1. Among the residues that make up region A:169-186, is at least one of them at pLDDT below 90, under 30 Å from A:Ile146 (Cβ atoms) and touching a strand residue (DSSP E or B) at 6+ places or on another chain (Cβ under 6 Å)?
2. Any residue in region A:91-116 that's farther than 18 Å from A:Arg154 by Cβ: show its pairings with residues that are assigned to a helix (DSSP H, G or I) and among the aromatic types (Phe, Trp, Tyr) at Cβ separation under 8 Å, as long as the two are six or more apart or on different chains.
3. Within region B:43-51, can one find any residue that is touching a helix residue (DSSP H, G or I) at 6+ places or on another chain (Cβ under 8 Å), more than 10 Å from every other protein chain (Cβ to nearest Cβ), surrounded by 13 or more Cβ atoms within 10 Å (Cβ to Cβ) and farther than 30 Å from A:Arg204 by Cβ?
4. Since B:Glu38 meets every condition but one in (1) of a type in the set (D, E, K, R); (2) under 30 Å from A:Lys55 (Cα atoms); (3) more than 14 Å from chain A (Cβ to nearest Cβ); (4) part of a loop (DSSP other than H, G, I, E, B), which condition does it not meet?
5. Could you say which residue among A:Met125, A:Met107, A:Met56 is of a type in the set (A, V, I, L, M, F, W, C), closer than 30 Å to A:Phe304 by Cβ and buried (at least 18 other Cβ atoms within 10 Å of the Cβ)?
6. Step by step: first the residues of region B:113-154, then only those that are assigned to a loop (DSSP other than H, G, I, E, B) and either free of Cβ contacts under 8 Å to residues at least 24 places away in the same chain or among the β-branched types (Val, Ile, Thr) (or both), then the one that is farthest from the other protein chains (Cβ to nearest Cβ). Which residue is that?
7. Does region B:62-80 hold any residues that are within 13 Å of chain A (Cβ to nearest Cβ) and farther than 21 Å from A:Ser57 by Cβ, and which are they?
8. Assuming A:Tyr328 fulfils every condition listed in (1) under 12 Å from the mean Cα position of the chain (by Cα); (2) surrounded by fewer than 24 Cβ atoms within 10 Å (Cβ to Cβ); (3) hydroxyl-bearing (Ser, Thr, Tyr) apart from one, which condition is it?
Amino acid sequence: MFEEVGTTTEGDLVINVGPQHPATHGVLHLVLTLNGETIKNVEPHLGYIHRSIEKMSESLTYRQFIYVTSRMDYLSSHINNHACALTVEKGLQIEVPARAQVIRVLMDELTRLASHQLWWGAMAMDVGALTPFFHAFREREAINEIMEETCGARLTMNYICPGGVMIDLHPNFQRKVKEFITLFKSKIDEYDEMVTGNIIFQNRMKGIGLLSKEDAISYGVSGPAARGSGVSCDIRKLYPYEIYGSLNFEEILETGGDCFARYLVRFKEMRQSLSIIEQLIDNIPEGDFQAKTKAVLKLPKGEFYSRVETARGELGVYLISEGGTTPYRVKYRSPGFSNLSALNHMSKGYKLGDLVAIMGTLDLVIPDIDR
Amino acid sequence: MFIVDYIKEVYGAVKSLLTGMNRTGYYFTHHKEIITQEYPDNKDTLVLSERFRGEVVMKHDENNEHACTGCTACELACPNATIKIITKFDVTPEGKKKKAIDTFVYHLELCTMCNLCVEACPTGAITMAQTFEHSVTDRSKLIKKLNQPGSKIREGVE
């Protein structure tokens, strides 16, 4: 694989896709080597949206550094905050109240649904269907309104704080979520009918961007992209955090390894998230929404690691503390970066038009890759 | 066999097309399901959630009194150095010196509406307002003084 990077023979065409290209969903710069229309090599160039979030975190306190992670993977910002809060709680050894745990998981799943909805619309738009994009955004708006009412913001919620959540649920929360469940249950069948069964869509996805199980593991691909190749890697199942261990949901596995398998995994995950929300919405326990914590948090000296399943894969937070009020070092293992590393392998030998479909099923969020 | 596959494909394409057109027809005849709101026109009916985080404001009551003691908890909690509190010493009628805020400077251009300052405030003096149209023609207009002129701390707030 490595010897081919940058080598061009006569007749090859080197073109740049991005950094400003609508199909890359952000400032991703790909240098493609093409032979006719066949892809010989894909080289991602990163760094256009690097904000040094890891370095910034070293000068922020344990309450402050959580909010910055909303700016990494902005579509699953709540889950990112969750990962950081789990790490801090691990260091402080705080027991999070049952109510806060349920609220966190509910919000996680709502965020995952919103993220998958946006992915579904954008994915269909990438392969040429514009209408699903508007349909997806219409239902996503309902989730955004629920978020705005309870958390105070639509995208970068910053609802989690060490020890629980910042503010209790809004009185309308349960009613609004139930309304959303009934709405979305009818709409998801419409999605299925409109896009999954469409023959043009299937022809563009089936057999494209094959990734074998072995390759998925060796590239460190995680999340729905890896589960499309049959790798069981759902952190919610394998290493349950919060109340995920007691919930009844399935880990979706497909063995195709192509774009359509990855599409199906994400699509079926939407139904699973919906089922988790249904299980929890009537069973929110009473009690505190926040554990009592000190005003200034100090983690004991040591290293702490926690991981969660975001909408895109496994997010790991590795934190070293020297005993002070700020972290000594923070490292994020972001799902987007590892998933992008497999892009070259997946798209070799396919046509230029297929690259857009492959990138779509990887569900890349560029600020997550660059941090 | 090629012919059979070909006919199957054509049948599938026509079926997919009709499924799509069915949805189009449904929304064409059901206008009530269209939820688009056109923003500047709906300004009178636009209701934002009471928790919506638009900007930080200081609560003043009818006597032009606030609850800010100038403890700088919000200043320390802010990750972006958005808040700067300038304190002064008031002389009470008994002749004692008492710390009070002179100016509560709020840099809206630096604020990310993360709510950490409101969480940190021990007296509940600041809160988030629902305003969201913050565009101005000059950057200096974004630097705001939150305490109203002539305001003083409410009796009994320590």
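The values are calculated or read from the model by the stated rules, or taken from the named source; none is laboratory data. All values reported here derive from a predicted model rather than from experimental measurement. All Cβ positions, even for glycine, are placed from backbone atoms using ideal geometry, and neighbour counts span all protein chains on display.
1. Within region A:169-186 (the criterion being at pLDDT below 90, under 30 Å from A:Ile146 (Cβ atoms) and touching a strand residue (DSSP E or B) at 6+ places or on another chain (Cβ under 6 Å)), the answer is no, since none of the residues qualifies.
2. Close Cβ pairs satisfying both conditions: A:Val105/A:Tyr244.
3. no
4. The failed condition is (2).
5. Going through A:Met125, A:Met107, A:Met56 in turn, the sole match is A:Met107.
6. Among those residues, the one meeting the criterion is B:Pro149.
7. Scanning region B:62-80 gives B:Cys71, B:Thr72, B:Ala73.
8. Single failed check for A:Tyr328: (1).
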